[in-house]
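J.: Before we start, here is the structure in question, set down as structure tokens.
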Amino acid sequence: MIVILKENPDRRQLEFLTGWLQKQQIGIHISEGAHQTVLGLVGDATRLDIDMLKQMEIVEDVKRVQEPFKKANRKFHPLDTVIQVGSARIGGGGVSIIAGPCSVESPEQIALVARGIKDAGADLLRGGAFKPRSSPYSFQGLRGEGIKMLVAAGREVGLPIVTEIMDLSNLDLFAEVDVIQVGARNMQNFELLKELGHSRKPILLKRGLANTYEELLMSAEYIMVSGNENILLCERGIRTFETYTRNTLDITAVPALQTLSHLPIVIDPSHAAGKASFVPALTMAAVAAGADALMIEVHNDPPHALSDGAQSLTIPAFAKLANQIRQLESTLVEEKN
Ligand code: PEP
Ligand code: MN
């Protein structure tokens, strides 16, 4: 349920209202916009006396929220959420670029890619250390050592870092990580999500291979309900009947999730396409659709990458694409104004 307040609500009346709600075990999520304050009510609001609420002087309207996700719901929080990570601001306009290799492979490799993407204008550095591979015979990642290499490379070039967690037992290794990624395969690992809710670090939550928007938002809700509201929703391609590409990029996720939720939307064209040559077109489509951020795989030597080489851009190809992203971004801003 949401309670929409009249403009400039009287402080004392607001205190009375919040006290009255709290006495009935209702959690309150306050969202203050320029002209409107919205109270999102969390908990069992079914027994609340709506007529009484509506009659309060400061109350403009009361609405039931039908969707099962509350804190992730745009109705609870009409303004876009903006997530600040180091110097990067994700959400609320503009496109942030996250780039880097699928896997961290060596200190030299990650340092080289970090420098390349930084010079090309990326905002965050990604690199996998714990890798969810379909085959147990494939490279599994450098684990804790890989995180240390990523931290060092990010510091060296001054970029915040993003890396994936696969199991809670490794959480201590993520102390210096700026954004924790939950991969597609773990989107519904609810114990992991609950625990990440106690962290204050932003979480990049990837949509599962065959999950709906509502399921993705319910997973975000798991993290938010435990107290961490810094979530980036990531569309990375879903399973369809098409086998020519690795997955099918669901561009509709951008306007759909922006309608349903206030959380920033990241598009990962690399895991969607599976082919480097398709990545620029999907990236531009994502920017045109209004994505808040992109996550693009970049490697210094794609043919010899230890994972996902086929979909990784070379550093020069990424630099060219980053330029095109910035150009399209400024055209879109000009058109808006
Ligand atoms: C990745 O980002 O390298 C990755 C494994 O992604 P996903 O979970 O989307 O497959
Ligand atoms: Mn990958």
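The rows are residues; the columns are (1) within 24 Å of Ile83 (Cα to Cα); (2) out of contact with any helix residue (DSSP H, G or I) (no Cβ under 6 Å at 6 or more places or on another chain); (3) within 16 Å of ligand 1 (Cβ to nearest atom).
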position: Ala288; (1), (2), (3): yes, yes, no
position: Asp292; (1), (2), (3): yes, yes, no
position: Ser307; (1), (2), (3): no, yes, yes
position: Ile315; (1), (2), (3): no, no, no
position: Lys336; (1), (2), (3): yes, yes, no
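J.: All but one of (1) more than 16 Å from ligand 2 (Cβ to nearest atom); (2) under 22 Å from the mean Cα position of the chain (by Cα) hold for Glu242, so report the exception by its number.
T.: Failing condition for Glu242: (2).
J.: Is it the case that some residue within the stretch 95-105 is within 16 Å of ligand 2 (Cβ to nearest atom), part of a loop (DSSP other than H, G, I, E, B) and at positive phi?
T.: Just the residues of the stretch 95-105 that are within 16 Å of ligand 2 (Cβ to nearest atom), to begin with: 98-105.
Pick out the ones that are also part of a loop (DSSP other than H, G, I, E, B) and you get 101-102, 104-105.
Then drop every residue that is not at positive phi, which leaves none.
Scanning the stretch 95-105 turns up no residue that is within 16 Å of ligand 2 (Cβ to nearest atom), part of a loop (DSSP other than H, G, I, E, B) and at positive phi.
J.: Can you name the residue in the stretch 143-182 that is away from ligand 1 (no atom under 15 Å from the Cβ) and of a type in the set (Lys, Arg) and is also nearest to Leu193 (Cα to Cα) among such residues?
T.: Lys148
J.: Among the numbered criteria (1) within 14 Å of ligand 1 (Cβ to nearest atom); (2) under 27 Å from Ala114 (Cβ atoms); (3) polar (S, T, N, Q), which single criterion is violated by Ser219?
T.: The number of the failed condition is (2).
J.: Inspect the stretch 149-167 for any residue being open to solvent by less than 70 Å² (accessible area, probe 1.4 Å), of a type outside the set (S, T, N, Q) and over 23 Å from Ile296 (Cβ atoms) and give the result as yes or no. Don't jump to the end; show me each part of the working.
T.: Pass one, the stretch 149-167, residues open to solvent by less than 70 Å² (accessible area, probe 1.4 Å): 149-154, 157-166.
Add one more test, that the residue is of a type outside the set (S, T, N, Q), and what stays is 149-154, 157-162, 164-166.
Pick out the ones that are also over 23 Å from Ile296 (Cβ atoms) and you get none.
Looking for residues that are open to solvent by less than 70 Å² (accessible area, probe 1.4 Å), of a type outside the set (S, T, N, Q) and over 23 Å from Ile296 (Cβ atoms), one finds none in the stretch 149-167, hence no.
J.: From (1) on the phi > 0 side of the Ramachandran plot; (2) more than 16 Å from ligand 1 (Cβ to nearest atom), pick out the condition that doesn't hold for Lys71.
T.: With respect to (1) on the phi > 0 side of the Ramachandran plot; (2) more than 16 Å from ligand 1 (Cβ to nearest atom), Lys71 is out only on (1).
J.: Related question: May I ask you to list the residues in the stretch 260-285 that are over 14 Å from Gly91 (Cα atoms) and more than 16 Å from ligand 2 (Cβ to nearest atom)? Don't jump to the end; show me each part of the working.
T.: Taking the stretch 260-285 as the starting set, the residues that turn out to be over 14 Å from Gly91 (Cα atoms) are 260, 268-285.
The answer is Leu260, Ser277, Pro280, Ala281, Met284, Ala285.
J.: In the stretch 163-187, what count of residues is obtained for those that are closer than 16 Å to Val266 by Cβ, in a loop (DSSP other than H, G, I, E, B) and among the small types (Gly, Ala, Ser)?
T.: 1
J.: Filter the stretch 307-319 for residues that are surrounded by 14 or more Cβ atoms within 10 Å (Cβ to Cβ) and either modelled with pLDDT under 95 or more than 16 Å from ligand 2 (Cβ to nearest atom) (or both) and give the result. Explain how you work it out, then say what you get.
T.: To start, the set of residues in the stretch 307-319 that are surrounded by 14 or more Cβ atoms within 10 Å (Cβ to Cβ) comprises 307-315, 317-319.
Passing the criteria: Ile315, Ala317, Ala319.
J.: Further question: Taking the condition of being open to solvent by less than 40 Å² (accessible area, probe 1.4 Å) and farther than 22 Å from Asp80 by Cβ, how many residues in the stretch 28-49 meet it?
T.: 2
J.: Where residues in the stretch 78-96 are of a type outside the set (Ser, Thr, Tyr) and in contact with a Gly (Cβ under 7 Å, 6 or more places away or on another chain), which of them is least open to solvent (accessible area, probe 1.4 Å)? Show your work before the answer.
T.: Narrowing the stretch 78-96 to residues of a type outside the set (Ser, Thr, Tyr): 78-80, 82-86, 88-95.
Add one more test, that the residue is in contact with a Gly (Cβ under 7 Å, 6 or more places away or on another chain), and what stays is 78-80, 82-83.
Numbers: Pro78: 56, Leu79: 93, Asp80: 73, Val82: 58, Ile83: 2 Å².
In this case the residue turns out to be Ile83.
Listed here are the residues, each with its yes/no results for (1) touching a strand residue (DSSP E or B) at 6+ places or on another chain (Cβ under 6 Å); (2) among the hydrophobic types (A, V, I, L, M, F, W, C); (3) free of Cβ contacts under 8 Å to residues at least 40 places away in the same chain.
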site: Lys148; (1), (2), (3): no, no, yes
site: Ala152; (1), (2), (3): no, yes, no
site: Leu159; (1), (2), (3): yes, yes, no
site: Ile165; (1), (2), (3): yes, yes, yes
site: Ala175; (1), (2), (3): no, yes, yes
site: Gln181; (1), (2), (3): yes, no, no
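J.: Name the residue that is nearest to ligand 2 (Cβ to nearest atom), counting only residues in the stretch 57-77 that are buried (at least 18 other Cβ atoms within 10 Å of the Cβ) and more than 20 Å from the chain's Cα centre (by Cα).
T.: Val62
The values are calculated or read from the model by the stated rules, or taken from the named source; none is laboratory data. Everything quoted here is computed from the prediction, not taken from an experiment. All Cβ positions, even for glycine, are placed from backbone atoms using ideal geometry, and neighbour counts span all protein chains on display. Keep in mind that these areas ignore ligands, DNA and RNA; they rest on the heavy atoms of the full protein, side chains included. Shrake-Rupley method; radii C 1.70, N 1.55, O 1.52, S 1.80 Å.
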